[in-house]
Amino acid sequence: MNFNWNPKQQELYEHTLKFAERNLKKLSSEAVHQSFFPRSQWRKCGEMGLLGLCVSTEYGGMGLDALTTARVEEALGKVCEDRGFVFSVAAHLCACVMPIYEYGSEELKQAFLPSLCSGRFVGANAMTETEAGSDISHLQTLAIRKGDEYIINGTKSYVSNAPIADVFVVYATTNPAHGHMGISAFVAERNTPGVNIGEAFKKMGLHTSLISPVTFDNCRIPSMHLIGEEGKGTTIFAQSMQWERSCLFATYIGMMERQLEKTIAHASTRKQFRKSIGKNQAVSHRIVDMKLRLEAARLLVYRACCLMDKGEDAVIDVSLAKLAVSEAAIQSSLDAIQIHGGIGYLTETGMEQMLQDSIPTTLFSGTSEIQRDLIARRLGL
């Protein structure tokens, strides 16, 4: 696998860095404390192409492959310090836009993708339920077909972007007797009668990525809003998680690179006992470990994306990448705080915020335990 970027890929990476520096770098200070991000920034990301990176140009996207998409997401994560905003951008693309693009009918694509890619719409993914988190085979949300409509009833518990979303990809059971083979996926619009958005949850981190429950109360969805075929919901969701566990987690690669650069700068300038603290092995070895985690996680993400682009089975590789990034992000954030000492515990360095934003990585997009189960089954265990 050759990870030497071609001129177009490198130009796009540099362009994204400059875009984020110019438009998104100052987003964090006010936004994080008030738990919001300006819709104008969302539209700028749409104009830049970040909301439709891997969607073909005919629907308003950029037509990039998974590897290039991950590289661009990495650039966004490196510069934009508001991880909540970065998370919302990536979740919108991976868990809402891509299911419609890869499995939706032509009519469905034409109806929603241009607005989702341009930033006119915000997308959300409604899968998780209180009693069906990792166990998606027991969804209580039901979709019953009545003529040319589906009537959806049920509650989704943790829906990222829900408080501001215009479009939801909703997973519901259409045939309870078939278990995970009886789940289907739909597109529901926010203004549809029966779609009720709950109050946003307060969270440890990712503050500006608003999340809330969504209840569907006799919500009538046109049959053309079915994504793919009935019973294909599990397949569609699994594919969206492949995108999320690779390309969304590439944004954390960018964060860890920025974190490492700031930690090296601090260790090189902070003096104790007449020498920089980076000259002490206790500090320098921690930094080396941060570098090791970063590069190992980066290569796993790139390899997973390469296999996805080739159409090969990438389940193990994607799960390995997700595991490596999430656990590296947490441990390296702890190391960065320790190296910064007391000031690392203060909000002014941003190190504590990186830790808060990293902790949920072992929970969303499938827990670390689920990733290990997926890998173990593929290993024949």
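The values are calculated or read from the model by the stated rules, or taken from the named source; none is laboratory data. Remember, it's a predicted structure, so these values are computed and weren't measured experimentally. FYI the Cβ positions are ideal-geometry reconstructions off the backbone, even for glycines, and counts take in every protein chain you see. Note: accessible area is taken over every heavy atom of the protein model, side chains too, but ligands, DNA and RNA are not part of it. Shrake-Rupley method; radii C 1.70, N 1.55, O 1.52, S 1.80 Å.
Below, the figures for the structure above:
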quantity	calculated
Inverse of mean 1/r across different Cα pairs in the stretch 72-143, Kirkwood, Å	14.1 Å
Using distinct alpha-carbon pairs, which all enter the 1/r mean, Kirkwood radius of the stretch 123-173 in Å	11.5 Å
For the stretch 159-317, fraction of C-alpha pairs farther apart than 22 Å, in %	63 percent
Beta bridges by DSSP in the chain, antiparallel share as percent, to the nearest 5	85 percent
Environment charge at residue 287 (Cβ cut-off 12 Å; Lys +1, Arg +1, Asp -1, Glu -1)	+2
Amide proton proximity set for residue 270, modelled H, under 5 Å, gap of 5+	277
Radius 12 Å from Cβ of residue 381, net charge of other residues (Lys, Arg +1; Asp, Glu -1)	+2
Cα gyration tensor of the stretch 1-129 - equivalent ellipsoid semi-axes, whole Å, descending	22, 20, 13
Residues of type aspartates and glutamates that residue 18 reaches as a straight line, Cα spacing below 15 Å, ignoring anything fewer than 8 places off in the same chain	47, 73, 74, 81
Accessible area of the stretch 127-249 belonging to carbon and sulfur atoms, whole % at 1.4 Å probe	50 percent
Distance (nanometres) between label positions extended 7 Å along Cα→Cβ at residue 105 and residue 378	3.4 nm
Set 275/322; 146/232; 109/202; 25/202; 8/291; 146/310 screened for pairs whose C-alpha atoms are more than 31 Å apart	275/322; 109/202; 146/310
Distance cut-off 16 Å, percentage of C-alpha pairs in the stretch 313-367 lying past it	46 percent
Percent accessible area from carbon and sulfur atoms, the stretch 251-381, protein chains only, probe 1.4 Å	57 percent
Two-site label geometry, residue 6 and residue 192: point separation in nm, points 7 Å out along Cα→Cβ	4.0 nm
For the chain: accessible area per residue (Å², 1.4 Å)	43 Å²
Cα-only Debye scattering, the stretch 225-381: base-10 log of I(q)/I(0) at q = 0.16, 0.19, 0.20 Å⁻¹	-0.88, -1.09, -1.17
Sites residue 229 and residue 144 - FRET efficiency at Förster radius 22 Å, r taken between beta-carbons, to 0.05	0.85
The chain, relative contact order [Cα under 8 Å, separation at least 6], %	17 percent
